[in-house]
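Remarks on the structure that follows.
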């Protein structure tokens with residue numbers, strides 16, 4: 001090329017036609033795929049939009065829904081308080097609402113890594129106490145609410161948040177046990193982890209709901225929610241243990257040796273040298289365990305706990321609202337999707353940040 | 001030399017004397033382990049003694065004697081003949097077969113669909129790639145139980161009754177009783193064709209040995225894949241044609257309020273299969289994508305530079321490396337699918353957990369029932385991990 005000749009940027013980077021050519025019609029196969037895909041999207045999206053938005057009813061009584069072709073979102077809007085809060089006393093439902101807002105606020109605040117310090121632990125302590133008081137009541141002039149009345153979304157969040165916070169330390173201990181040089185400790189940890197990971201959560205929930213009462217001496221009963229919570233904790237801990245083990249194995253031997261040569265004992269080596277590094281590596285997979293735990297709480301439906309899925313089904317079993325399962329389940333799917341998606345986005349962001357640092 | 005070793009022995013003896021037993025790491029380890037075992041033992045003993053006492057007070061018999069009693073409940077669908085007068089053992093066996101059935105079909109479909117979506121995710125076509133990405137993200141983020149309920153609701157609420165069944169293909173009907181489709185009626189020719197298929201497989205195995213030997217000796221290659229594909233399809237079909245190419249279809253017909261004839265898949269089975277497949281294939285797609293991306297472009301270029309054909313590069317260089325990354329997480333997803341099939345209990349498909357649950361409700365043998373559930377799933381997962389260990393050893397990188 002002659003010196004001084006103007007070099008134009010490649011077409012593909014600048015114009016819309018160029019973009020289309022590069023991304024949709026680059027080869028014969030791609031053109032074919034694009035056309036096929038567009039055809040099917042054209043066949044599915046407009047009817048769905050028509051069903052979900054154009055022909056739909058949003059705030060009508062159930063009889064009106066029978067006469068329309070579209071979706072009946074009224075099943076959500078008319079029953080939203082029962083779906084979200086279940087059997088919590090109707091006039092007291094602001095309490096679980098505030099508790100959930102506190103939780104969301106805390107989660108949002110904890111998203112940024114530069115806020116991860118001692119103060120955050122205090123905030124969580126205060127936040128969890130406020131939530132417990134709001135849910136349970138009995139002091140500060142709040143009427144006491146039995147835990148059997150806790151249902152809906154607060155129950156789902158309660159099971160997942162407490163499930164993870166209690167399972168995390170247990171999982172770390174199990175992971176350390178599995179890496180331990182003491183045969184008895186190692187064997188016990190391996191047996192526990194493999195046993196739990198080998199069986200479905202539902203069998204543990206059955207165990208919690210049917211067998212657990214037999215384990216206790218006569219006269220002592222534990223609420224159903226707590227029994228399910230214990231099952232979820234025991235289950236999640238085994239998965240966290242495996243995730244943490246991955247982090248422990250990634251720590252080079254030199255770190256242990258350096259710690260030993262400084263005269264640190266086992267406890268100090270782990271707390272000050274190994275675990276801070278190992279747990280940092282495994283933050284992204286830990287978040288995916290959290291996401292699984294959040295999704296898995298829906299299984300308590302099977303042992304008849306009223307989480308948000310069960311309250312929705314209760315609404316759907318009402319003769320007035322029978323037959324609108326699609327709409328209700330799509331609403332729940334969006335709810336779960338928002339929860340899981342925000343968590344996985346956060347996890348990806350953290351992963352990027354941690355990769356840059358290394 | 002001797003003097004030095006004597007000295008070191010002396011030092012050791014001196015140290016052993018000077019260290020008190022509570023600072024000796026070995027002794028401390030033993031003490032700690034005994035303590036842990038004691039604590040675990042006490043907890044187990046405490047729970048067990050409470051349980052025995054409670055069972056005694058509530059007059060619940062223990063043991064597996066109930067397995068030989070008649071179950072006296074019907075099971076909606078069963079691959080083997082079963083009636084309510086059969087024993088609990090047989091009912092549970094039917095449940096296990098149903099679990100295996102849905103898991104096996106589910107795994108096959110999931111792997112195919114997941115691979116397809118994983119490749120679509122890597123497509124250079126923007127639209128296809130983004131669609132695959134959306135599918136993966138959405139399906140992973142919705143609990144599988146919710147998906148099961150959704151598909152089940154679609155089947156029993158939104159599909160028409162048999163009289164107004166939708167027929168996407170002639171002879172196949174979609175209605176609130178499930179999917180009804182024509183069934184091939186048995187003819188001896190099929191048996192002969194199957195036998196031929198077996199013989200062909202042995203033949204191909206011998207052919208492969210011969211082709212490899214010849215290639216090693218003379219360097220001549222043999223189009224093994226094409227020839228064996230032709231053999232696998234050709235020979236059984238030839239046998240079938242030799243017997244007059246019989247096709248006897250049992251086509252379903254509407255009679256009264258339901259279909260007669262043909263084969264059907266129940267709405268419970270279909271909802272379970274759909275939910276499990278759509279959920280798990282999103283995870284499989286991610287695994288396949290990661291596996292394909294893990295093989296660097298240089299591998300392709302190097303293999304092509306050696307003069308291998310595209311098919312050979314794929315078969316001999318790329319796939320073995322990608323599979324090493326793909327297979328371990330893939331097996332764990334297959335296991336997840338099998339474990340998630342236990343959610344069948346929520347929509348009424350008679351899988352093992354569902355039958356065991358009914359058994360528990362009828363007999364009150366909760367401990368035995370839950371133990372059986374755990375045992376069956378542990379058998380699945382332990383045999384899978386045994387296979388995994390074998391496979392990992394086989395494909396492990398051989399390094400210097």
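In the list B:391, B:377, which residue meets the criterion of being under 22 Å from the mean Cα position of the chain (by Cα) and at pLDDT 85 or above?
Answer to the check: B:377.
Would you confirm whether any residue within segment B:8-24 is modelled with pLDDT of 50 or more, out of contact with any helix residue (DSSP H, G or I) (no Cβ under 6 Å at 6 or more places or on another chain), surrounded by 10 or more Cβ atoms within 10 Å (Cβ to Cβ) and within 21 Å of residue A:184 (Cβ to Cβ)? Yes - at least one qualifying residue is present in segment B:8-24. Across segment A:257-278, the qualifying residues are those that are over 33 Å from the mean Cα position of the chain (by Cα) and surrounded by 12 or more Cβ atoms within 10 Å (Cβ to Cβ), and the one among them that is nearest to residue B:28 (Cα to Cα) is A:266.
Against the definition (under 30 Å from residue B:343 (Cβ atoms), modelled with pLDDT under 85 and surrounded by 12 or more Cβ atoms within 10 Å (Cβ to Cβ)), how does residue B:289 come out, yes or no? Walk me through how you get there before you give the answer.
On the way: under 30 Å from residue B:343 (Cβ atoms): yes; modelled with pLDDT under 85: no; surrounded by 12 or more Cβ atoms within 10 Å (Cβ to Cβ): yes.
Answer is no for this residue.
Restricting segment B:155-171 to residues that are assigned to a helix (DSSP H, G or I) and away from chain A (no Cβ under 12 Å) leaves a set whose member that is surrounded by the most Cβ atoms within 10 Å (Cβ to Cβ) is B:162.
Being in a helix (DSSP H, G or I), closer than 30 Å to residue A:208 by Cα, more than 10 Å from chain A (Cβ to nearest Cβ) and in contact (Cβ under 8 Å) with a residue 40 or more places away in the chain is true for just one of B:323, B:343, B:372, B:337. Which residue is that? Write out each step before concluding.
Details: B:323 fails: closer than 30 Å to residue A:208 by Cα; B:343 fails: more than 10 Å from chain A (Cβ to nearest Cβ); B:372 fails: more than 10 Å from chain A (Cβ to nearest Cβ).
Sole residue among the options that is in a helix (DSSP H, G or I), closer than 30 Å to residue A:208 by Cα, more than 10 Å from chain A (Cβ to nearest Cβ) and in contact (Cβ under 8 Å) with a residue 40 or more places away in the chain: B:337.
Of the candidates B:111, B:36, the single residue that is part of a helix (DSSP H, G or I), in the same structural domain as residue B:330 (by TED's automatic domain parsing) and at pLDDT 80 or above is B:111.
How many of the residues making up segment B:276-309 are more than 15 Å from the chain's Cα centre (by Cα) and either in a helix (DSSP H, G or I) or not assigned by TED's automatic domain parsing to the domain that holds residue B:135 (or both)? Spell out the reasoning first.
Residues of segment B:276-309 that are more than 15 Å from the chain's Cα centre (by Cα), as a first pass: B:282, B:285-309.
This time we only want the ones that are either in a helix (DSSP H, G or I) or not assigned by TED's automatic domain parsing to the domain that holds residue B:135 (or both), so: B:282, B:285-294, B:297-305.
Residues in segment B:276-309 being more than 15 Å from the chain's Cα centre (by Cα) and either in a helix (DSSP H, G or I) or not assigned by TED's automatic domain parsing to the domain that holds residue B:135 (or both): 20 in total.
Give the residues of segment B:346-355 that are over 11 Å from residue B:99 (Cα atoms) and not in a loop (DSSP other than H, G, I, E, B), sorted by residue number. B:346, B:347 - these are the residues of segment B:346-355 that are over 11 Å from residue B:99 (Cα atoms) and not in a loop (DSSP other than H, G, I, E, B).
Under the condition of being touching a residue at least 40 places away in the same chain (Cβ under 8 Å) and within 12 Å of chain A (Cβ to nearest Cβ), which residue from segment B:349-358 is surrounded by the most Cβ atoms within 10 Å (Cβ to Cβ)?
Narrowing segment B:349-358 to residues touching a residue at least 40 places away in the same chain (Cβ under 8 Å): B:349-356, B:358.
With within 12 Å of chain A (Cβ to nearest Cβ) added as a condition, the list becomes B:351-354, B:356.
Working: B:351: 27, B:352: 24, B:353: 29, B:354: 23, B:356: 27.
Within segment B:349-358, the match that is surrounded by the most Cβ atoms within 10 Å (Cβ to Cβ) is B:353.
Pairs meeting the criteria (first residue in segment A:278-294 and at pLDDT 85 or above, second residue crowded, with 21+ Cβ neighbours inside 10 Å and assigned to a loop (DSSP other than H, G, I, E, B), beta carbons under 9 Å, at least 6 apart or on different chains) are A:291/B:141; A:294/B:143.
Could you say which residue among A:63, A:93 is surrounded by 16 or more Cβ atoms within 10 Å (Cβ to Cβ) and modelled with pLDDT under 80?
On the way: A:63 fails: surrounded by 16 or more Cβ atoms within 10 Å (Cβ to Cβ).
Criteria check complete, one pass: A:93.
Residue check: residue A:75 meets all listed conditions (1) at pLDDT 80 or above; (2) closer than 30 Å to residue A:309 by Cα; (3) within 14 Å of chain B (Cβ to nearest Cβ) but one, namely (1). If the condition is being more than 9 Å from chain A (Cβ to nearest Cβ), in a helix (DSSP H, G or I) and touching a residue at least 40 places away in the same chain (Cβ under 8 Å), then segment B:121-147 contributes B:121, B:132, B:135, B:136, B:139. Only a single item in (1) closer than 26 Å to residue A:44 by Cβ; (2) within 14 Å of chain A (Cβ to nearest Cβ) is not met by residue B:103, and it is number (1).
Which members of segment B:177-194 meet the condition of being loosely packed, with under 14 Cβ neighbours inside 10 Å, touching a helix residue (DSSP H, G or I) at 6+ places or on another chain (Cβ under 8 Å) and in a helix (DSSP H, G or I)?
Our first condition is that a residue be loosely packed, with under 14 Cβ neighbours inside 10 Å; within segment B:177-194, this holds for B:184-186, B:188, B:191, B:194.
In the following step, the residues that additionally are touching a helix residue (DSSP H, G or I) at 6+ places or on another chain (Cβ under 8 Å) were identified as B:184, B:194.
Scanning segment B:177-194 gives a single hit, B:194.
Could you say which residue among A:225, A:211, A:233, A:190 is surrounded by fewer than 17 Cβ atoms within 10 Å (Cβ to Cβ), out of contact with any strand residue (DSSP E or B) (no Cβ under 7 Å at 6 or more places or on another chain) and under 30 Å from residue B:360 (Cα atoms)?
Numbers: A:225 fails: surrounded by fewer than 17 Cβ atoms within 10 Å (Cβ to Cβ); A:211 fails: surrounded by fewer than 17 Cβ atoms within 10 Å (Cβ to Cβ); A:233 fails: surrounded by fewer than 17 Cβ atoms within 10 Å (Cβ to Cβ).
One residue alone meets the criteria, A:190.
Given the residues B:76, B:63, B:106, B:114, which is the only one that is over 22 Å from the mean Cα position of the chain (by Cα), under 30 Å from residue A:325 (Cβ atoms) and touching a residue at least 12 places away in the same chain (Cβ under 8 Å)? Just a single option satisfies the conditions, and that option is B:76.
Evaluated against (1) surrounded by fewer than 15 Cβ atoms within 10 Å (Cβ to Cβ); (2) under 29 Å from residue B:258 (Cα atoms); (3) within 14 Å of another protein chain (Cβ to nearest Cβ), residue B:152 falls short on exactly one condition, (1). Taking segment A:117-222 and the helices (runs of 4 or more DSSP H) fully enclosed by it, the elements with 2 or more residues that are within 14 Å of another protein chain (Cβ to nearest Cβ) are at A:153-179, A:183-198, A:201-206, A:212-215. Within segment A:45-60, can you find the residues that are part of a helix (DSSP H, G or I) and loosely packed, with under 14 Cβ neighbours inside 10 Å? Of everything in segment A:45-60, those that are part of a helix (DSSP H, G or I) and loosely packed, with under 14 Cβ neighbours inside 10 Å turn out to be A:45, A:46, A:47, A:48, A:49, A:53, A:54. A single member of A:149, A:136 is closer than 24 Å to residue A:91 by Cβ and in contact (Cβ under 8 Å) with a residue 24 or more places away in the chain, and it is A:149.
The values are calculated or read from the model by the stated rules, or taken from the named source; none is laboratory data. Model, not experiment: these values are computed from the prediction. Backbone-built Cβ (ideal geometry, glycine too); neighbour counts: all protein chains shown.
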